[in-house]
Amino acid sequence: VQLQASGGGLVQAGDSLKLSCATSAPSLSTYAVAWFRQAPGKEREFVAAISWNGGSTAYADSLKGRFTISRDDAKNTVTLQMNSLKPEDTAVYYCAADQWGGVPKYSRAYDLWGQGTLVTVSS
């Protein structure tokens, strides 16, 4: 399974952006998927996760209420809807996957990683 993160770009503070994590084959339906981000000069941090069956989600405490993770297994896609973006949300966002996984918040739980998509929020 190869992950492809997309949807990043340059937006202004207060804007919304939707990131997508997709696979070409075979399917994401048996994988938990998480989003992590890494800002310049900072460590990678957890953003959100959704379990393989969509029954559980988890968010970084600081992002609850602004970010929403969801999955569409028919489209082989997991999306991260980001609202009310702030300059401090500027980072490279990575999606990661773990087969039959739950919603762990630590990166070592995920063994598949996408290449990252850059989100830049201007003030």
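Just for the range 26-44: of the residues that are in a strand (DSSP E or B) and either over 10 Å from the mean Cα position of the chain (by Cα) or aliphatic (A, V, I, L, M) (or both), which one is farthest from residue 77 (Cα to Cα)? Give the derivation first.
Of the residues in the range 26-44, the ones in a strand (DSSP E or B) are 31-38.
The next check asks that each one be either over 10 Å from the mean Cα position of the chain (by Cα) or aliphatic (A, V, I, L, M) (or both); those that pass are 31-34, 38.
Working: 31: 11, 32: 11, 33: 10, 34: 12, 38: 22 Å.
If we take residues in the range 26-44 being in a strand (DSSP E or B) and either over 10 Å from the mean Cα position of the chain (by Cα) or aliphatic (A, V, I, L, M) (or both), then 38 is farthest from residue 77 (Cα to Cα).
Among the residues of the range 59-80, those identified as open to solvent by less than 70 Å² (accessible area, probe 1.4 Å) and in a loop (DSSP other than H, G, I, E, B) are 60, 66, 76. Close Cβ contacts (under 6 Å, 6 or more residues apart or on different chains) running from residues in the range 107-123 that are of a type in the set (Phe, Trp, Tyr) and buried (at least 16 other Cβ atoms within 10 Å of the Cβ) to residues that are assigned to a loop (DSSP other than H, G, I, E, B) and at pLDDT below 95 are absent. Candidates in the range 1-11 are the residues that are part of a loop (DSSP other than H, G, I, E, B) and modelled with pLDDT of 95 or more; of these, the one that is farthest from residue 77 (Cα to Cα) is 8.
Filter the range 12-22 down to the residues that are open to solvent by 20 Å² or more (accessible area, probe 1.4 Å) and in a strand (DSSP E or B) and list them by number. Full working, then the answer.
As a first pass, look at the range 12-22 and keep what is open to solvent by 20 Å² or more (accessible area, probe 1.4 Å): 12-18, 20, 22.
Within the range 12-22, 12, 17, 18, 20, 22 meet the criteria.
Suppose we keep only residues that are open to solvent by 20 Å² or more (accessible area, probe 1.4 Å) and hydroxyl-bearing (Ser, Thr, Tyr) within the range 81-106. Which one would you say is farthest from the chain's Cα centre (by Cα)? The residue in question is 84. Within the range 41-84, being in contact with a Phe, Trp or Tyr (Cβ under 7 Å, 6 or more places away or on another chain) and more than 20 Å from residue 3 (Cα to Cα) holds for 59, 60, 67.
A search for C-beta distances below 9 Å between a residue of the range 37-53 that is farther than 23 Å from residue 99 by Cβ and any residue that is among the β-branched types (Val, Ile, Thr) and part of a loop (DSSP other than H, G, I, E, B), counting only pairs 6+ apart in sequence or on different chains, returns 39/90; 40/90. Within the range 23-56, the set of residues being more than 14 Å from residue 94 (Cβ to Cβ), of a type outside the set (Gly, Ala, Ser) and surrounded by fewer than 16 Cβ atoms within 10 Å (Cβ to Cβ) comprises 26, 30, 40, 53. Just a yes or no: is a residue in the range 45-58 in contact with a Lys or Arg (Cβ under 6 Å, 6 or more places away or on another chain), in a loop (DSSP other than H, G, I, E, B) and not hydrophobic (A, V, I, L, M, F, W, C)? Yes, that holds for at least one residue.
The values are calculated or read from the model by the stated rules, or taken from the named source; none is laboratory data. Note that the structure is a prediction, hence the values are computed from the model and not measured. Glycine gets a Cβ as well: all are built from the backbone with ideal geometry, and neighbour counts include every protein chain shown. When the accessible area is computed, the model is the full protein with side chains, heavy atoms only, and any ligands, DNA or RNA have been set aside. Shrake-Rupley method; radii C 1.70, N 1.55, O 1.52, S 1.80 Å.
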